[in-house]
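**Q** Sharing a structure below in structure tokens format, with a few things to ask.
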Amino acid sequence: MKPTKAGQTVDLEPLRRVLEERFRPRDYREAQELVVGACQEAQRLFGWVPPEAAQLIAEHLGVTTNRIYGLLTFYADFRTEPPGRHFLWICHGAACYVAGAGRLVEFLHERYGITGQGTTPDGALTVHVFNGCLGVCDLAPVAQLDHHEYVGLLSLERLQALIAELQGEAQTEAADGSTE
Ligand code: FES
């Protein structure tokens, strides 16, 4: 296994097997067409596309890593950094904006350098600012945690407390994992 830039280790063997079994282009043109699918496989396996996986895909398909990264940055669904242990949508739709979501978004930028989307430096939390409507405007401003739990009437203090709680959990989980 190789260490990634993020300090995690990535076992490339499952991806290598998938590439050898299912991604066998007959020519360069077909190889170009297979790049997106191969990156999707990497993301399915790892939860993101680590640099080593991008390199492996490039070598396997005979394309440049620039081509791989061009696609990874073009499609918003691809992640080029590992996801945090928790995931939070911050709604920035009209009702939430009027109710003060802008201050929450500003805080995320000022405190963590997150603009639009990003992960806290400790890896506890990945945040995406959602410029749409989460469909629960009566709870505005609202966030959605781990794709199922709504946290409504979200003041700045409540957001800070939530993040602190998630970071504490992540530290405990990491400590438990390191002693197993
Ligand atoms: S605008 Fe945020 S839930 Fe509707």
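The values are calculated or read from the model by the stated rules, or taken from the named source; none is laboratory data. In this text, all values refer to a predicted model and were calculated from it rather than measured experimentally. With ideal geometry, Cβ positions are generated from the backbone for all residues, glycine too; neighbour counts draw on all protein chains shown.
**Q** Among the helices (runs of 4 or more DSSP H) contained in the stretch 1-83, which hold 3 or more residues that are of a type in the set (D, E, K, R)?
**A** Output list reads 13-22, 28-46.
**Q** What's the number of the only condition in (1) within 18 Å of P82 (Cβ to Cβ); (2) surrounded by 14 or more Cβ atoms within 10 Å (Cβ to Cβ); (3) within 16 Å of the ligand (Cβ to nearest atom) that V151 fails to meet?
**A** It fails just one condition, (1).
**Q** Looking for whichever is in contact (Cβ under 8 Å) with a residue 12 or more places away in the chain, surrounded by fewer than 19 Cβ atoms within 10 Å (Cβ to Cβ) and within 16 Å of the ligand (Cβ to nearest atom) here; the options are A94, A170. Which one fits?
**A** It is A94.
**Q** Within the stretch 97-143, track down each residue that is among the charged types (D, E, K, R) and either closer than 16 Å to L154 by Cβ or buried (at least 20 other Cβ atoms within 10 Å of the Cβ) (or both).
**A** Residues satisfying the conditions are R103, E106, R111, D138.
**Q** Among (1) closer than 30 Å to L125 by Cβ; (2) among the aliphatic types (A, V, I, L, M); (3) at pLDDT 95 or above, which single condition is L34 missing?
**A** (1)
**Q** Might you check whether a residue that is within 16 Å of the ligand (Cβ to nearest atom) and part of a strand (DSSP E or B) occurs anywhere in the stretch 107-126?
**A** Scanning the stretch 107-126, I find no residue that is within 16 Å of the ligand (Cβ to nearest atom) and part of a strand (DSSP E or B), so the answer is no.
**Q** Continuing with this model, one more query. Out of G93, G116, G102, I need the residue that is under 18 Å from the mean Cα position of the chain (by Cα) and either more than 29 Å from L34 (Cβ to Cβ) or not assigned by TED's automatic domain parsing to the domain that holds A42 (or both). Which one?
**A** Going through G93, G116, G102 in turn, just one is under 18 Å from the mean Cα position of the chain (by Cα) and either more than 29 Å from L34 (Cβ to Cβ) or not assigned by TED's automatic domain parsing to the domain that holds A42 (or both): G116.
**Q** Any residue that is surrounded by 20 or more Cβ atoms within 10 Å (Cβ to Cβ) and either assigned by TED's automatic domain parsing to the domain that holds E149 or more than 30 Å from G152 (Cα to Cα) (or both) - is there at least one of those in the stretch 66-76?
**A** Taking every residue of the stretch 66-76 in turn, at least one turns out to be surrounded by 20 or more Cβ atoms within 10 Å (Cβ to Cβ) and either assigned by TED's automatic domain parsing to the domain that holds E149 or more than 30 Å from G152 (Cα to Cα) (or both).
**Q** Sticking with this structure for a sec: Say whether the condition of being farther than 20 Å from P82 by Cβ and charged (D, E, K, R) is met by at least one residue in the stretch 160-172.
**A** Within the stretch 160-172, one or more residues are farther than 20 Å from P82 by Cβ and charged (D, E, K, R).
**Q** A follow-up question, please. Here is a list: D138, D176. Which entry is at negative phi, of a type in the set (D, E), assigned to a helix (DSSP H, G or I) and within 16 Å of the ligand (Cβ to nearest atom)?
**A** Answer to the check: D138.
**Q** Is it the case that A53 is within 27 Å of G84 (Cβ to Cβ) and in contact with a strand residue (DSSP E or B) (Cβ under 7 Å, 6 or more places away or on another chain)?
**A** yes
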